[in-house]
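Worksheet: the structure to be examined is printed underneath.
The values are calculated or read from the model by the stated rules, or taken from the named source; none is laboratory data. The shown structure was predicted, so the numbers you read here are calculated from the model rather than taken from an experiment. In this analysis, Cβ positions are derived from the backbone assuming ideal geometry, glycine residues included, and neighbour counts consider all displayed protein chains.
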């Protein structure tokens with residue numbers, strides 16, 4: 001499982017005792033870019049997804065991306081977790097699926 005952590009300089013997504021991805025706080029601006037994690041859990045033949053962002057912009061982007069990109073392709077998400085970044089490419093302050101990229105994934 002991935003959990004969130006922070007210290008004086010970084011926000012981090014942690015898996016066990018290992019940092020899966022970290023964000024320098026001095027460069028973080030939730031209104032122009034944010035990060036979210038998606039965890040994929042297997043329950044027999046069913047899949048369960050836990051998705052959440054660092055702030056509300058990342059969490060909103062995660063729901064949008066799940067509906068637009070992930071849900072239509074559920075079987076292609078075989079890793080245990082994915083970390084994504086939303087970047088406001090057109091400077092409109094609104095999250096859009098084409099502004100989201102996968103940064104890393106793992107099991």
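Looking only at the stretch 70-94, filter to residues that are free of Cβ contacts under 8 Å to residues at least 60 places away in the same chain and within 13 Å of the chain's Cα centre (by Cα); which one of those is nearest to residue 45 (Cα to Cα)?
The extreme case among them is 80.
Which residues, taken from the stretch 62-98, are in contact with a helix residue (DSSP H, G or I) (Cβ under 8 Å, 6 or more places away or on another chain) and either outside any loop (DSSP other than H, G, I, E, B) or surrounded by 14 or more Cβ atoms within 10 Å (Cβ to Cβ) (or both)? If you could, list the steps in order and put the result at the bottom.
If we filter the stretch 62-98 for residues that are in contact with a helix residue (DSSP H, G or I) (Cβ under 8 Å, 6 or more places away or on another chain), which is where we start, we get 64-65, 68-69, 77, 84, 86-90, 95-97.
Correct list: 64, 65, 68, 69, 77, 84, 86, 87, 88, 95, 96, 97.
Tell me, yes or no, whether the stretch 37-56 has at least one residue that is farther than 18 Å from residue 106 by Cα and touching a helix residue (DSSP H, G or I) at 6+ places or on another chain (Cβ under 9 Å).
No, the conditions are met nowhere in the stretch 37-56.
Among the residues of the stretch 13-48, count how many are without any contact (Cβ under 8 Å) to a residue 24 or more places away in the chain and surrounded by 15 or more Cβ atoms within 10 Å (Cβ to Cβ).
Result for the stretch 13-48: 2.
Yes or no: residue 65 within 27 Å of residue 32 (Cβ to Cβ) and at pLDDT below 95?
So residue 65 fails the test.
If you take the residues of the stretch 6-18 that are more than 14 Å from the chain's Cα centre (by Cα) and part of a strand (DSSP E or B), which of them is farthest from residue 90 (Cα to Cα)?
Among those that are more than 14 Å from the chain's Cα centre (by Cα) and part of a strand (DSSP E or B), it is 18.
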